[in-house]
1. When you go through (1) touching an Asp or Glu at 6+ places or on another chain (Cβ under 7 Å); (2) open to solvent by less than 70 Å² (accessible area, probe 1.4 Å) one by one for THR76, which number turns out not to apply?
2. Go through (1) open to solvent by 20 Å² or more (accessible area, probe 1.4 Å); (2) in contact (Cβ under 8 Å) with a residue 12 or more places away in the chain and name the single condition THR101 misses.
3. Just one of (1) in contact (Cβ under 8 Å) with a residue 24 or more places away in the chain; (2) open to solvent by 40 Å² or more (accessible area, probe 1.4 Å) trips up ALA90, so point out which.
4. Could you list, in sequence order, the residues of the range 61-117 that are over 27 Å from GLU31 (Cα atoms), among the acidic types (Asp, Glu) and touching a helix residue (DSSP H, G or I) at 6+ places or on another chain (Cβ under 8 Å)?
5. Can you tell me which residues in the range 34-47 are assigned to a strand (DSSP E or B) and open to solvent by 70 Å² or more (accessible area, probe 1.4 Å)?
6. Being out of contact with any strand residue (DSSP E or B) (no Cβ under 8 Å at 6 or more places or on another chain) and in a loop (DSSP other than H, G, I, E, B) is true for just one of GLY149, GLY143. Which residue is that?
7. Filter the range 67-87 for residues that are among the charged types (D, E, K, R) and either farther than 17 Å from TYR37 by Cβ or modelled with pLDDT under 95 (or both); which is farthest from the chain's Cα centre (by Cα)?
Amino acid sequence: MKEENSKIESEDMDSENSIDEAPEEKEDAVEKQVRIYFGNADASDFETENVLVQQISADEIWNQLIEKGVIPMDVTILSCKETEQEGKKALELDVSEKFSTYLNGLGTSGEYITVGSICNTFLDAFDSETIRITVEGKKLETGHAEYPGYMSKYEL
């Protein structure tokens, strides 16, 4: 019993947990509902759709955003970690360089809706308060904006 408790304590001490893959579940998999954010036809507002996923993982959420047309298929997640920032649950999402290229091809509104859709979807799915998006470990920058720190939910 003591050995089991020390294992739990050491897991709790790990301040950064990768969420690229969902933990193994011993019970039958139960689908979970996730709210996916995406832009409306003229990129003037967010729309949402609740979808069922087998597991809440960064890859599963990313694939749902691809299906909704928020991001192209060639943009990939390099890592996604849960952490704590100023006492709040936070996410650190690192993506491939193709994300910057894609954002730079959008107008200001399209960029806002794309980044906001990613932020809002991940924050809801992982019940976090802030998220930082980096590109291959570096600050996300486009011709329209810089995203140096943690972001909260986007609103219009």
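1. Failed condition: (1).
2. Among (1) open to solvent by 20 Å² or more (accessible area, probe 1.4 Å); (2) in contact (Cβ under 8 Å) with a residue 12 or more places away in the chain, the lone unmet condition for THR101 is (2).
3. Going through the list (1) in contact (Cβ under 8 Å) with a residue 24 or more places away in the chain; (2) open to solvent by 40 Å² or more (accessible area, probe 1.4 Å), ALA90 breaks only (2).
4. The answer is GLU111, and nothing else.
5. Within the range 34-47, ARG35, GLU47 qualify.
6. Unique residue meeting the criteria: GLY143.
7. Going through the range 67-87, the residues among the charged types (D, E, K, R) turn out to be 67-68, 74, 81-82, 84, 86.
Now drop any that are not either farther than 17 Å from TYR37 by Cβ or modelled with pLDDT under 95 (or both), which leaves 74, 81-82, 84, 86.
On the way: ASP74: 16, LYS81: 9, GLU82: 10, GLU84: 15, GLU86: 19 Å.
Looking at the filtered set, the residue picked out is GLU86.
The values are calculated or read from the model by the stated rules, or taken from the named source; none is laboratory data. Bear in mind the structure is a predicted one, so any value in this text is a computation, not a measurement. When we count neighbours, we look across all protein chains shown, and the Cβ atoms used for this are built from the backbone with ideal geometry, even at glycine. Calculation scope for accessible area: heavy atoms of the full protein, side chains included, ligands and nucleic acids excluded. Shrake-Rupley method; radii C 1.70, N 1.55, O 1.52, S 1.80 Å.
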